[in-house]
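The values are calculated or read from the model by the stated rules, or taken from the named source; none is laboratory data. These figures come from a predicted structure and were not determined experimentally. Backbone-built Cβ (ideal geometry, glycine too); neighbour counts: all protein chains shown.
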Amino acid sequence: MVIASTLLEFFEEFRSNQAAEKLKQLVATTTTVLRDGKETEIPIKDITLGDIVILSAGSMIPADLRILESKDIYVGQSSLTGESDAVRKLSHTELTEDELDSISDLDTICFMGTNVISGSAKCAVIKTADSTYFGKVAHTITIGKPKSSFQKGVENISKLLIKFMLILTPIVFILNAWKHAPVTAFTFAVAIAICITPLLLPVILSSSLSKGAVKMSKKKTIVKKLDSIQNFGAMNILCTDKTGTLTEDKIVLEKYLDINGNEDIRVLKHAFLNSYFQTGLRGNIDEAVVARALQNDMNDYTTKYKLVDELPFDFTRRRLSVIVSDGVKKQMITKGAVEEILEICNMVDYKGQLSPITNKIKDNIKQIAKKLNKDGLRVIAVCQKNDLRDTTMFNIDDEKNMILLGFIGFLDPPKESAKSAIQKLNRAGIRVIVLTGDNAEVTECICKKVGINSKNIVQGNQIENLADAGVLRLLKKTNIFVKLSPIEKARIVRLLKESGNVVGYMGDGINDAPSLTNSDVGISVDTAVDIAKESADIILLEKDLHVLLDGVTEGRRTFGNLMKYIKMATSFNFGEVLSVIVASVALPFLPETPIQLLVEGLLYDFGQLTLPFDNVDEEYLRKPRTFSLKSLKNFMLFMGPLSSAFDLIVFACLWFVFKLRDPALFQTIWFTYSIVSNLLGMHIIRTAKIPFIQSNAHKMVYFSSIALCILGILVPFTWLGNVIGLIPIPLPYMSIIIGVPILYCFVAMFAKKVYIKKYGEWI
């Protein structure tokens, strides 16, 4: 039996891994290398020593790299150092020996496992795989998410059953040693210990998860980590960004306005130069700016101007600057959030006339931006200056005393499907919380349209210096958080987890990586940046909440079928062990031989192998489920003794009614009855409803149950039965083999109602 279980587990695990690998290939992380003078996308695993790697914002660093050329590249090294601040990397070091405290401080080396926050670089591969700094660290530490409640639960089940085995084995041996030979008593005790263990749990677990992953892939959901399926189904809070999830993610530049809200082509020109010449990750906003500018015949600017330097975007400054030259003069052009741009401007430009910024002008500018926001437009301010230092190397200190030109407004309308999807998620017991870096007005406009309660909106600066207890109080009544940094997003996710929730986080950007890692289940999309895809557990092939909802439903179905097996296996095994122990003490012979117990358990377990394919009641799928060891103990102690009671009824009928004293026939009847009873009982336990009438099992479950019941009845008439000590059963005894299990089903149905009323649950 153990060998069979092991072989089945190996087969299912092999199938599971194969399925998972095929799915992962659909969303494989790649890197750009320079080969034969051409930039080529290759899988990270194919990188070799000496390759020239091209890095840009959002790239995962695929190996230890020596920087050859760099352009304001900033790297996130939190996976190595734990520090959230981005680190600047250079082609030539600026560090002295005294400043070099750790190898991770090297400013000319990019380390495997880190990621590019902003900027770009050309690098040479110097170390790969295990020889990298990260690889060496990985040999000494284990990096990964904490175990889920389900993983902990399975471990606790194993510990509980091991305790039972350690207690039962010597007890059963002592109780039977005085009546039987020591060897017989010992093998019987060992067989009892094995029978109480759901030996096929690893098999059922692997097959359920792999089947769930395959079904989810058909619904455009790719599972990178099989264990995440349970968390996906158990998720009761979904944290998500606004852009692309609630909106169409098809940003269009609608307006280019001066400081008084009038259309001004000069604002579009400067925004175009900024977006076109920046070398980092060109996002949707930049693409929209470039597209609109080209519609206005601004192609000539791409050759007229040359890039001198740039100050890449980061999530602290919230702005991006480029320095361009037309051969006559240099000009710094900056775009970013309105508040951040106002901080660095001391002048405004209106129709070519410069004037100092006053508080009145600032208020007017903020009012214009606010009005645009309320109309659903995302607003970015644009500024410039010509008075620059005589250099080609600039820094953020140069972003001051600038001239405000005006605004550009982008429209990203809400998805038509978002409102219905959020309603369905809410009905499924999933609360949606929006975590965005955008401002309150735009976010409120979108959230109202998609049906998210926008009564309370909290900004990042409100929680920055707030204690965890204060943030938790806000989380109880707030569904929208705006102007958040990546660290603030990750903090909210952490606090939600610590308060007992199963938290999913959906994101696709560089700034989402910390939250994806910290969440119970990280969700991204196949078009996300490398670091987001690498950090995620689940990849959606379509950025739509309906696709996510389909995945959640499948996760719950997988979990439900797993719990069916765990509960019925532990309760039936516990009940049968109790009855066999009582019978072994009361009878002058063993109620079943060790080999019969093992064969019986094997046949019954084979009947449960189809459970991963079983149907799950719609009512069960309506809310998230988490594993509870207490619930399992309650179920086992309630249903186990019930099945044991009917076993003892069979024992009493055979001994007192039929006056049966033949050990072989007694053992045969009990063997056959146990198989039929457990397989019929499986249909009672698999649903909270009335089986066969209100809830139907999958046809494979029906087929396996019927086939194994017939096999159990026929085995005593075969050579196999003869080998394990079974004999043909006279017809009168069939009334016990068929009748008592049917009676058990009716009583179990009544017991099920009592249990549900008492504990408020079933599976």
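Are any of the residues in the stretch 357-371 part of a loop (DSSP other than H, G, I, E, B) and not assigned by TED's automatic domain parsing to the domain that holds Asn461?
Yes, the conditions are met somewhere in the stretch 357-371.
For the stretch 317-344, what are the residues that are among the hydroxyl-bearing types (Ser, Thr, Tyr) and out of contact with any Ser or Thr (no Cβ under 7 Å at 6 or more places or on another chain)?
Once the filter is applied, which keeps residues that are among the hydroxyl-bearing types (Ser, Thr, Tyr) and out of contact with any Ser or Thr (no Cβ under 7 Å at 6 or more places or on another chain), the stretch 317-344 yields only Ser325.
Just name the residue that is nearest to the chain's Cα centre (by Cα) out of those in the stretch 711-727 that are surrounded by 13 or more Cβ atoms within 10 Å (Cβ to Cβ) and over 19 Å from Tyr604 (Cα atoms).
Among them, the one singled out is Asn722.
Kindly indicate which of Ala688, Ala664 is among the aliphatic types (A, V, I, L, M), modelled with pLDDT of 90 or more, surrounded by fewer than 20 Cβ atoms within 10 Å (Cβ to Cβ) and within 34 Å of the chain's Cα centre (by Cα).
Going through Ala688, Ala664 in turn, the sole match is Ala688.
Confirm whether Thr443 is among the polar types (S, T, N, Q), under 23 Å from Thr517 (Cα atoms) and touching a residue at least 12 places away in the same chain (Cβ under 8 Å).
So Thr443 does not fit the description; no.
Taking helices (runs of 4 or more DSSP H) that fall entirely within the stretch 161-259, which contain at least 3 residues that are modelled with pLDDT under 85 and surrounded by fewer than 22 Cβ atoms within 10 Å (Cβ to Cβ)?
201-218
With crowded, with 18+ Cβ neighbours inside 10 Å, touching a residue at least 12 places away in the same chain (Cβ under 8 Å) and either not assigned by TED's automatic domain parsing to the domain that holds Ala191 or not aromatic (Phe, Trp, Tyr) (or both) as the only criterion, which of Ser571, Ser628 stands out?
Step by step, each of Ser571, Ser628 is checked, and only Ser571 is crowded, with 18+ Cβ neighbours inside 10 Å, touching a residue at least 12 places away in the same chain (Cβ under 8 Å) and either not assigned by TED's automatic domain parsing to the domain that holds Ala191 or not aromatic (Phe, Trp, Tyr) (or both).
Tell me, please, whether a residue that is of a type in the set (Gly, Ala, Ser), in a strand (DSSP E or B) and surrounded by fewer than 20 Cβ atoms within 10 Å (Cβ to Cβ) can be found in the stretch 341-352.
no
Quick grid of which residues meet (1) buried (at least 18 other Cβ atoms within 10 Å of the Cβ); (2) more than 22 Å from Ala513 (Cβ to Cβ); (3) in contact (Cβ under 8 Å) with a residue 24 or more places away in the chain:
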{"residue": "Leu273", "(1), (2), (3)": "yes, yes, yes"}
{"residue": "Tyr276", "(1), (2), (3)": "yes, yes, yes"}
{"residue": "Arg282", "(1), (2), (3)": "no, no, no"}
{"residue": "Leu294", "(1), (2), (3)": "no, yes, no"}
{"residue": "Asn299", "(1), (2), (3)": "no, yes, no"}
{"residue": "Asp309", "(1), (2), (3)": "yes, yes, yes"}
{"residue": "Ile323", "(1), (2), (3)": "yes, yes, yes"}
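For the stretch 579-600, state whether one or more residues are of a type outside the set (A, V, I, L, M), modelled with pLDDT under 85 and under 23 Å from Thr169 (Cβ atoms).
No, the conditions are met nowhere in the stretch 579-600.
Is one or more of the residues making up the stretch 479-495 assigned to a helix (DSSP H, G or I) and acidic (Asp, Glu)?
Yes - at least one qualifying residue is present in the stretch 479-495.
Would you confirm whether or not the stretch 612-633 contains a residue that is modelled with pLDDT of 90 or more, closer than 30 Å to Met734 by Cβ and assigned to a loop (DSSP other than H, G, I, E, B)?
So far as the stretch 612-633 goes, yes, one or more of its residues are modelled with pLDDT of 90 or more, closer than 30 Å to Met734 by Cβ and assigned to a loop (DSSP other than H, G, I, E, B).
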